[in-house]
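Below is one structure; the comments refer to it alone.
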Amino acid sequence: MRGGTEPTDSATAAGVLAGVGGTPLVELRKVVPAGSARVLAKLEWANPTGSLKDRMAVAAIAGAEARGDLRPGGTVVEYTAGTTGISLAFVCAAKGYRLRIVFSDAFSDEKRHTMEAFGAIVEDVPSDQGRITETLIKAMIARAGEISAEPGH
């Protein structure tokens, strides 16, 4: 870094998370007749993970902190098909929280690898031949509940 100073962990986290939500607006001029309306599109893919769910993850973690449900060094537990998990993994990594994800082999390996790259611990609930079923989702919810009930979670 220039100036010979390293940012603090909190400054680094704040800087990374500051990129969430400041996404550009673009006017779509040809989707409605001229003079009828002004249509703007918010380019959520410009969030750090490329997902609109980054906003939700920042808000969920901030809410848990504000309520006192999440304290420094704490663990977040979530079941997900991937996109929410990626955003949560990003936010948890930036803020220093552990993240345990309940996932399934029915979902994308790429999403699993991305969550793991951000430091999430990913646990699989096996699917029935790769199918996403009501039984699978209920099993994932139940497993996330079991993990949440463990001491320290």
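Worth pointing out:
- Working from Cα pairs under 8 Å separated by at least six residues, relative contact order for the chain is 18 percent.
- In sequence order, region 26-34 has phi-based couplings of 10, 7, 9, 7, 10, 9, 9, x, 3 Hz under the Karplus curve 6.51 cos²θ - 1.76 cosθ + 1.60, θ = phi - 60°, and Gly or Pro positions carry x.
- Selection among VAL77, GLY145, LEU43 by position relative to the dipole of the chain gives LEU43 as farthest towards the positive end (Cβ unit charges, Cα centre).
- For LYS95, the lysines whose Cα comes closer than 29 Å to its Cα, not counting residues fewer than 8 places off in the same chain, are LYS42, LYS53, LYS111.
- The amide H of SER104, built 1.01 Å from its N in the peptide plane, has VAL125 as neighbours under 5 Å, considering only residues 5 or more places off or on other chains.
- Summing Cβ point charges (Lys, Arg +1; Asp, Glu -1) relative to the Cα centre of region 2-149 gives a dipole of roughly 600 debye.
- Between ALA37 and ARG67, the simple spin-label model (points 7 angstrom out along Cα→Cβ) gives 3.5 nm.
- Between the labelled values (1) 18.7, 61; (2) 17.5, 57; (3) 15.1, 44, the entry that holds Rg and Dmax of the Cα atoms in Å as derived from this structure is (1).
- Neighbour counting of Cβ atoms within 10 Å sorts the residues THR133, THR23, fewest neighbours leading, into THR133, THR23.
- Looking at region 1-148, the DSSP beta bridges with both ends there are about 30 percent antiparallel.
- Cβ-Cβ FRET estimate between ASP124 and LEU52, R0 fixed at 22 Å, reported to 0.05: 0.25
Every number here is computed from the coordinates shown, using simple stated rules; none is lab data. In this text, all values refer to a predicted model and were calculated from it rather than measured experimentally. With ideal geometry, Cβ positions are generated from the backbone for all residues, glycine too; neighbour counts draw on all protein chains shown.
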